[in-house]
Amino acid sequence: MRRPLCMALSRGLRCCQRVLAWVPVVIITLVVLWSYYAYVCELCLVAYLIVFHVIFVLFVWTYWKSVFTLPLQPDKKFHMSYADKERYENEERPEAQRQILVEIARKLPVYTRTGNGAIRFCDRCQLIKPDRLIEMVNNCVGFSNYKFFLLFLMYSLLYCMYIAATVFKYVIKYWTDELTNGRSKFHVLFLLFVAVMFFLSLMFLFGYHCWLVSRNRSTLEAFSAPVFQNGPDKNGFNLGFVKNIQQVFGEEKKLWLLPIVSSQGDGHSFPMRTLCEAQNPLLANEEQWGDDGLDEENHGKVTQKEINCVLD
């Protein structure tokens, strides 16, 4: 009796969580629609409307892509087989469980570990975590939509800045009673206030993510360095400024400013920065990891295709 009740409560909580997760999306959508009405219908600055609509379309487009592009799910090869799952769950000794994960991970392109050197494993999803994978709830920002999220921040800033710049002189006129339309006065004053507040808050967020992109780090890696075979290295995925940008936006510059998929890679394996072969976590002595090392066949493939060696 308790088990069905617990399952029903769990489903109910997940349902509530999904509903609440859409509340910020609805609020932002309503604010954007109101800002469009206030600028186009109430203020009606004909001379500025063409540029406004270009920015507005890009802003809405990137917001849509950020919200509705699902984060990339791990490939099936990272999931445990039925036999491995039974073997793992029936084993009570932590060391034996760790060894099972090591055996499974040998055939996978996984080169980072937890802080204590163990294989990164998700108990809930029953899979070996690919490098740089984080736990995701609702529609988080991941490999498949990170470019869209950055463009959304950029066009949000541009949208707010453009509104504030073009509306400011009309706010002064309303303030000095040169213009007397009471209803429009409220919309224009509030439009400037909202634009400035959003601009200031988004400016710091966008600046932070630009810094992360320039160093090819995720938000988690900024606080906790990824652990490779030779230890933690905060610059483990840093390929240099230009290549870091290309990892997110791609090599074709004409696509950089459009919310079109152009990011490099498959979201499961990533090129790593190494100073020399002796420090390369894949070329170094595999005995350092013990049985955690890769099999020789996979090892050779990685060193040829996935590792970018950056010499200082």
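The values are calculated or read from the model by the stated rules, or taken from the named source; none is laboratory data. Bear in mind that the values here come from a model prediction, so they are computed numbers and not experimental data. Here the Cβ is made from the backbone with ideal geometry for all residues, glycine too, and neighbour counts use every protein chain on show. When the accessible area is computed, the model is the full protein with side chains, heavy atoms only, and any ligands, DNA or RNA have been set aside. Shrake-Rupley method; radii C 1.70, N 1.55, O 1.52, S 1.80 Å.
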Original post:
Within the range 154-174, can one find any residue that is more than 34 Å from the chain's Cα centre (by Cα), surrounded by 17 or more Cβ atoms within 10 Å (Cβ to Cβ) and among the small types (Gly, Ala, Ser)?
Top reply: no
Original post:
Take the residues of the range 220-250 that are touching a residue at least 40 places away in the same chain (Cβ under 8 Å) and part of a helix (DSSP H, G or I): which is nearest to SER269 (Cα to Cα)?
Top reply: VAL248
**OP:** Please work out which one of (1) exposed (fewer than 15 other Cβ atoms within 10 Å of the Cβ); (2) in contact with an Asp or Glu (Cβ under 7 Å, 6 or more places away or on another chain) is the condition TRP64 fails and give its number.
**Re:** (2)
**OP:** Name the residue, out of VAL110, VAL171, that is at pLDDT 80 or above and not in a loop (DSSP other than H, G, I, E, B).
**Re:** VAL171
Subject >> Failed item, numbered, when LEU70 is tested on (1) surrounded by fewer than 16 Cβ atoms within 10 Å (Cβ to Cβ); (2) assigned to a helix (DSSP H, G or I) >> reply: (2)
Subject >> Leading residue by the ranking (nearest to LEU153 (Cα to Cα)) among those in the range 202-238 that are open to solvent by 80 Å² or more (accessible area, probe 1.4 Å) and not basic (Lys, Arg) >> reply: PHE204
Original post:
Considering the range 73-106 alone, what residues qualify as being open to solvent by 70 Å² or more (accessible area, probe 1.4 Å) and within 28 Å of the chain's Cα centre (by Cα)?
Top reply: GLN73, LYS76, LYS77, HIS79, ARG106
Original post:
What are the residues in the range 36-59 that are in contact (Cβ under 8 Å) with a residue 40 or more places away in the chain and aliphatic (A, V, I, L, M), if any?
Top reply: ALA38, LEU43, LEU45, VAL51, ILE55, LEU58
